[in-house]
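A quick write-up on the structure given underneath.
The values are calculated or read from the model by the stated rules, or taken from the named source; none is laboratory data. Model, not experiment: these values are computed from the prediction. All Cβ positions, even for glycine, are placed from backbone atoms using ideal geometry, and neighbour counts span all protein chains on display. Accessible surface is based on the protein model in full, side chains and every heavy atom, while ligands, DNA and RNA are left aside. Shrake-Rupley method; radii C 1.70, N 1.55, O 1.52, S 1.80 Å.
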Amino acid sequence: MKSLPFAVTLVVSAATAVVCGELFGFPWWQRLITVVVVVMALEGVNQAVGRARARRRSF
């Protein structure tokens, strides 16, 4: 697998939002912010891993 599929990213971020809502009592807008932050973080990790893999193949 080269990187995480976007569907996995959405499922993980939605699960994180539900957990934060249930455990910490986040309102809807904080849950939305949580989803955005998790999606950005996972996509950033995917890009970093992809770039490192491409750099390793070029050498």
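Of note:
- Tabulated pairs, the stretch 11-35, first of a type outside the set (Gly, Ala, Ser), second assigned to a loop (DSSP other than H, G, I, E, B), C-beta under 7 angstrom, 6+ apart or interchain: Cys20/Phe26; Thr34/Phe26
- The lone exception for Lys2 - which of (1) without any contact (Cβ under 8 Å) to a residue 24 or more places away in the chain; (2) more than 10 Å from the chain's Cα centre (by Cα); (3) open to solvent by 50 Å² or more (accessible area, probe 1.4 Å) it fails: (1)
- All of Gln47, Gln30 fail the test of being open to solvent by 90 Å² or more (accessible area, probe 1.4 Å), polar (S, T, N, Q) and at negative phi, apart from Gln47.
- There is no residue in the stretch 9-26 that is surrounded by 11 or more Cβ atoms within 10 Å (Cβ to Cβ), β-branched (Val, Ile, Thr), assigned to a helix (DSSP H, G or I) and touching a Phe, Trp or Tyr at 6+ places or on another chain (Cβ under 9 Å).
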